[in-house]
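So the structure is just underneath, and the comments pick up after that.
The values are calculated or read from the model by the stated rules, or taken from the named source; none is laboratory data. Since the model is a prediction, treat every value here as computed from it, not as a measurement. For neighbour counting, all protein chains shown are included, and Cβ atoms are generated from backbone atoms with ideal geometry for every residue, glycine included. Just so you know, the surface numbers come from the protein's heavy atoms only, side chains and all, with ligands and any DNA or RNA stripped out. Shrake-Rupley method; radii C 1.70, N 1.55, O 1.52, S 1.80 Å.
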Amino acid sequence: RSRKVRSASSLEARLAQIAPRGLAIGGVLGALHYDPDFDLTGAPRLDISLHTGLQPDLGFVHQIDPALEQVADPREPAVLIVHAVTEADPMFEASGSGLPFDSPLESLLDLYEANLQVQAGQFFQTLVNQRKARG
């Protein structure tokens, strides 16, 4: 959470400037990457995945916004969500213009976690249709 409300896209822009290694964008912004017609105006939060060990280094968080504070209660609203990814291959997709994107499945799970059930259902159907189109 932040004492000063910043948009998810503003946080993403700041994050892109420092570009920490092993980090990818997910959630709404990830869904928009995989489906440009994704039906949501503005991201309520920035979901990122950090490829790391069990103890992630979150030092970059204060570089993008010194006012951000960690919350312990998962029900409390947050503008930045950091997911630790411990798999050997995080399945991030390189972006030609900035930070990589998390896998479509992780982006989908982020939508459900953010209680965006309608948008998650639509994104799921898009992923199904894309898979059918590939054969």
Q.
Full-extension gain between residue 91 and residue 16, please, as 0.36 nm times their residue separation minus the C-alpha to C-alpha distance.
A. 25.1 nm
Q: Can you grab the distance from the C-alpha centre of the range 107-129 to the C-alpha centre of the range 11-67, Å, no decimals?
A: 17
(Q) If I compute solvent accessible area with a 1.4 Å probe over the protein chains, what percent of it on the chain is carbon and sulfur? (A) 52
Q) Taking the mean number of other Cβ atoms within 10 Å as a proxy for protection, how do you rank 18-30, 113-125, 62-74 from highest to lowest? A) 18-30, 113-125, 62-74
Q. Arranged from highest to lowest average of other beta-carbon atoms within 10 Å per residue, in what order do the peptides 41-49, 7-15 appear?
A. 41-49, 7-15
**Q.** Sites residue 9 and residue 134 - FRET efficiency at Förster radius 22 Å, r taken between beta-carbons, to 0.05
**A.** 0.15
**Q.** the chain, accessible area per residue, ligands and nucleic acids excluded (1.4 Å, Å²)
**A.** 60
Q | Anisotropy class of the chain from Cα gyration tensor, a/c 1.5 cut | A | prolate
Q) Accessible area, 1.4 Å probe, largest first: how do 34, 112 sort? A) 112, 34
Q: Out of all DSSP beta bridges with both ends in the chain, state the antiparallel percent to the nearest 5.
A: 45
